[in-house]
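Written below as structure tokens is the structure these notes are about.
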Amino acid sequence: MPPIARLLILAGLALLALGLLLWLVPGLSWLGRLPGDFRIERGNLRVHLPITTSLLLSAALSLALWLFSRLR
């Protein structure tokens, strides 16, 4: 199996696990509702910009990948 195929399969499984975690654990309802996450609702227009959540997840993923690269 080519390395890119393994990477895509692992990324898909990780996304599936994250989706199930968010769906099954009700304690994570704060994710996407942090201070700095903008929500605009006017009439039938809804815009949600999770800026703080995106920065937090990006930092956590960067740290995890950095630690993984150091262990390897």
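Quick note: the coordinates plus some simple rules give every number you see, no bench work behind them. What you see is a predicted model; the values in this text were computed from it and never measured.
Taking the square roots of five times each eigenvalue of the Cα gyration tensor of segment 8-50, the equivalent ellipsoid has semi-axes of 27, 14, 10 Å, listed largest first.
Helix 51-71 sits at what angle to the longest principal axis of the chain, using alpha carbons and giving 0 to 90 degrees rounded to 10? Approximately 10 degrees, to the nearest 10. Contact order for the chain, expressed relative to its length and based on alpha carbon pairs under 8 Å spaced 6+ residues apart, stands at 18 percent.
For segment 31-72, a Kirkwood radius taken over Cα pairs fed into Stokes-Einstein (10 °C, viscosity 1.306 mPa s) yields D = 132 µm²/s. Taking only alpha carbon atoms, the chain gives an Rg to Rh ratio of 1.09, where Rh is the Kirkwood radius.
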